Amino acid sequence: MAKNSNGSVSIRLRDPKFVVRVILGVLLAANLIAAGLLEFPPGGSPEALARQAASLNTQIVSRRAALEQTRQHALSVSEGREEGDKFIEQYFMPVRTYAGTITSELQRAAAAAKIKPKGTELHVQPIEGSDTLGMVAITANYEGQYADLLKFVHSIDQSPLLLIIESLNAAPQPDSKELTVSMKMDAFVRETDGE
């Protein structure tokens with residue numbers, strides 16, 4: 001290399017030794033890069049890539065199974081919610097009409113069983129954890145014969161309302177075949193839209 005008069009370095013491209021050295025240097029650098037790529041290929045060796053692909057395939061299979069299981073759980077939850085809503089709609093009375101509905105059902109059952117009603121009390125209590133559902137505590141008193149009482153209990157059991165007999169106390173009346181009956185029952189109410 002020689003300096004021109006303006007101070008810059010000029011390369012002697014006409015010197016064959018210099019050109020050969022440059023070409024050999026470029027070839028050496030290219031060979032080193034190629035050897036490095038062969039030894040350490042981008043992304044890893046074929047064996048490492050095969051292991052990584054197998055691991056990814058295993059993860060895909062397990063995640064698909066987990067996704068399918070999650071879908072099944074979501075479907076079960078949805079079906080359970082729908083069934084619960086249907087149950088509440090069918091067996092929980094609207095809070096506005098529960099008193100008349102329960103009273104008329106108990107009167108119907110008593111008339112069918114031929115026992116005499118002696119008073120009924122209804123008290124609504126909220127169900128813990130719900131803002132829209134309540135339980136009705138029913139205390140009812142009757143007089144009638146044992147066979148009629150059995151018919152009455154059967155009629156309550158077959159009622160389209162969800163009436164649960166919590167307790168039943170029967171005591172004989174003196175000098176009579178009649179029984180004095182005191183029953184505690186539960187029913188359920190729901191608030192509907194706009195209530």
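The values are calculated or read from the model by the stated rules, or taken from the named source; none is laboratory data. For clarity, every value in this text was computed on a predicted model and none was experimentally measured. Ideal geometry is used to build each Cβ from the backbone, glycine not excepted, and the neighbour counts take in all protein chains shown.
Okay, here's what the table says:
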read-out	value
Filter pass, Ile33 being outside the structural domain of Asp131 (by TED's automatic domain parsing), under 22 Å from the mean Cα position of the chain (by Cα) and in a helix (DSSP H, G or I)	no
Candidates Glu105, Glu89, Glu83, Glu79, filtered to the one that is assigned to a helix (DSSP H, G or I), within 30 Å of Ala170 (Cβ to Cβ) and among the charged types (D, E, K, R)	Glu105
The lone exception for Tyr142 - which of (1) among the hydroxyl-bearing types (Ser, Thr, Tyr); (2) in contact (Cβ under 8 Å) with a residue 40 or more places away in the chain; (3) more than 19 Å from Ser159 (Cα to Cα) it fails	(3)
Test for Ala53: is it surrounded by 10 or more Cβ atoms within 10 Å (Cβ to Cβ) and at pLDDT 85 or above	yes
Every residue from the range 147-195 that is assigned to a loop (DSSP other than H, G, I, E, B), more than 30 Å from Arg96 (Cβ to Cβ) and touching a residue at least 24 places away in the same chain (Cβ under 8 Å)	Gln173, Lys177, Glu178
Residue in the range 116-131 that is β-branched (Val, Ile, Thr), in contact with an Asp or Glu (Cβ under 8 Å, 6 or more places away or on another chain), surrounded by 14 or more Cβ atoms within 10 Å (Cβ to Cβ) and modelled with pLDDT of 90 or more present	no
Boolean, Met93 is surrounded by 15 or more Cβ atoms within 10 Å (Cβ to Cβ) and in contact with a helix residue (DSSP H, G or I) (Cβ under 7 Å, 6 or more places away or on another chain)	yes
Filtered residues of the range 36-63 (kept if assigned to a loop (DSSP other than H, G, I, E, B) and not hydroxyl-bearing (Ser, Thr, Tyr))	Phe40, Pro41, Pro42, Gly43, Gly44
